[in-house]
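J.: Here you go, one structure.
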Amino acid sequence: MPRKTYYILFVLLLLLVGMVRVYSQSIDLENALSDFRKKYQQTKKLKITGGISSSTTYSMSTAGGLRDPFVYSINGNVNFSFLSINIPVSLSYTNAGFSYSYQYPRPPSRLSIHPKYKWVQAHIGDFSMNFSPYTMSGFQIKGAGVDLQPKGKWKYSAFYGRFQKAVPYLEGNGNTLATYKRVGAGIKLNFTEKKFQSALSIIRINDLQNSLLQKPDSLHIYPKANIAFGFENKLKLAKSLQIEVELGISYLTNDVRAQKDSVEPAFHKIIGLASKMNASTTFYKALKTNLSYTLGSSTVGIGYERIDPGYQTLGAYYFTNDMENITVNFAQQLFKNKLNLSMNAGIQQDDLKNEKTGKNRRMVTAINASINGGKKFTSSLGYSNFQTFTNIKPQFQYINQLTPYDNLDTLNYRQLSQTANANVNLILRSDTLKSKVLNMNFSFQDSYDEQGGIISKGNASQFYNLAVSYSSIRIPQSLNIAYGFNATYNTIGIVNMVTAGPMINCGKGFFDKQLKTSISAAYNISLQQGVQQQKIISGRFNASYTLRKKHQLGLNGVYMHRVVKGKSGQDFSTSVTYSYSF
């Protein structure tokens, strides 16, 4: 080791000794240690609560595909409590998605630690933080974060982490989309008083150019950078009158390697000191305000929302954009809260920058009603033609799923232009001997698929779904029998598709419910333009045994017989699970 290094270490050691002496003189170490000893004796020992589970799944299919034949997973939620410190730990690990031919930009395995001491809470590992609806909301990252909530008017939050890992470009492999490694940081300040609340959030995210050796420019995949600001304000003007304002500003650079703009506003130059800005940088704005007045059980309000075309940040999975809403909202409770009504109505328009070939201006309405008819009857109705988004999956995707790992990488967001739903739940009988319940649900969605800002060709569709179920429980025998029928009608362009079929499930408990078993069967057939496309017959078996209230063993199996366009195939999977709670 060089002599200079020894000198530096010696100086640091002297400083450390000096600091210890100073602090030991200003702090009564003996009393401090005594207080710590008393607290430890009061707590007696470290407390550990929670649970952990592990499972292995083996699957085989005559149809082949990219499914791993052997998948295992470990999941756990454990809390360590010592003195005034709580350390929750969450673990989710699986080998799914680790094959060379298929990789995830955001791996499904998760490990998160959330230690908390009084008003300080840290987030370590895989976690998400909600800063602002227009900056960062619900995005899973790997790194570290902190929430500081001391007594007083101010609260603070910050994070740093990896948003996605680098996935190399493999020529000829359409299973994996290449991605750059993406990292980012953010900070949020929150000020709260009795009549006023305000928050400021800033995030900065960028791709690492050198994380990919082979640049997939031909696929229009470029290294990006983003800095975004979120402002949230809430002001009570009077006892029952309140105004809320949310503002989002985003600077998104689509290719950090592009040339800089020769003419650039002064304010943008200041922002450019914190983020890479050039000719590919786009400036976006989003604004949402709401004024509400509450009188008894009634609430009346007026709202305005405007989101620039193409608005996005790298801190959220998806944004609805190119939209302006002016709405009036109303909520009322009637008949001793047995009927709850809420309604939004107004005008919505798009093409805010007059760049489209057509402009859409329409009346928008959202109506929701819920009926509580007592212990035996509940119902809800809803309709909306506001433009929203969701990550929806058809009911039959669950029914026909072979393993829990089949759709881990599903990130196809569906844009909804109008939705409607109706649900009725009727309890026919409920006593100490039997329970009988009838449920009916109908939903309608007018939608199209969008991923990465691109609308999938031909995926604009109307989706109707009807589900009816009847369940009967014989309580003394611990026997549950349920029947159901599902039907889906889907239109894609001029193509119509119908999927329908019944299902039955039987569950039985043994040995004072220590052993729980269930067996189910389902049949569904799909028709396109009246011609059969596929037919699926499936059977499932589940069994779980609880030992001493802490140990649980589980076994389940799935068998499917598929006939797709005249060609038949079989799928089979079996899983063994063990869980322990403490």
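J.: With a 1.4 Å probe and all protein chains kept in place, how much accessible area does Leu339 have, in Å² rounded to the nearest 10?
T.: Ignoring ligands and nucleic acids, Leu339 comes out at about 40 Å².
J.: Can you pull the percent of region 172-242's accessible area that's carbon plus sulfur, 1.4 Å probe, other chains left in place? It would help to have the intermediate numbers written out before the result.
T.: Numbers: 2180 of 3880 Å².
Accessible surface attributable to carbon and sulfur in region 172-242 totals 56 percent.
J.: In what order, largest first, do Leu438, Leu219 sit by accessible area if the probe radius is 1.4 Å?
T.: Sorted by accessible area, descending: Leu219, Leu438.
J.: Once ligands and nucleic acids are excluded and a 1.4 Å probe is used, how much of Arg110 is accessible, expressed in Å² to the nearest 10?
T.: Around 70 Å² of this residue is reachable by solvent.
J.: Measure up Lys142/Lys353; Lys234/Lys285; Lys118/Lys188; Lys142/Lys188; Lys236/Lys338 against 28 Å on the Cα-Cα distance and list the ones that go over.
T.: Numbers: Lys142/Lys353 37 Å; Lys234/Lys285 19 Å; Lys118/Lys188 20 Å; Lys142/Lys188 18 Å; Lys236/Lys338 30 Å.
With Cα atoms farther than 28 Å apart: Lys142/Lys353; Lys236/Lys338.
J.: Could I ask something else about it? Would you kindly calculate the mean projected area, averaged across all directions, of the convex hull enclosing the Cα atoms of region 111-231, in square nanometres?
T.: Its Cα hull, projected and averaged over all orientations, spans 8.9 nm².
J.: Per the 1.4 Å probe, what fraction of the accessible area of region 484-582, in percent, lies on carbon and sulfur atoms?
T.: 64
J.: Okay, next question. Could you tell me the accessible area of Thr327 in Å² (1.4 Å probe, neighbours in place), rounded to the nearest ten?
T.: Here the residue's solvent-accessible area equals roughly 20 Å².
J.: Under 21 Å Cα-Cα from Lys549, which lysines qualify once same-chain neighbours fewer than 8 residues away are excluded?
T.: Lys47, Lys508, Lys513, Lys516
J.: Another question about this same structure. In nm, to one decimal, how far is the Met363 label point from the Lys376 one, both placed 7 Å along Cα→Cβ?
T.: 4.0
J.: Determine the shape class of region 470-563: with a ≥ b ≥ c the square roots of the Cα gyration tensor eigenvalues, call it rounded for a/c under 1.5, and otherwise prolate if a/b is greater than b/c, oblate otherwise.
T.: prolate
The values are calculated or read from the model by the stated rules, or taken from the named source; none is laboratory data. Note that this is a predicted model, so its numbers are computed, not measured. Positions of Cβ are generated from backbone atoms using ideal geometry, with glycine treated the same way; all protein chains shown enter the neighbour counts. Heads up: the accessible areas ignore ligands, DNA and RNA and are worked out on the full protein's heavy atoms, side chains in. Shrake-Rupley method; radii C 1.70, N 1.55, O 1.52, S 1.80 Å.
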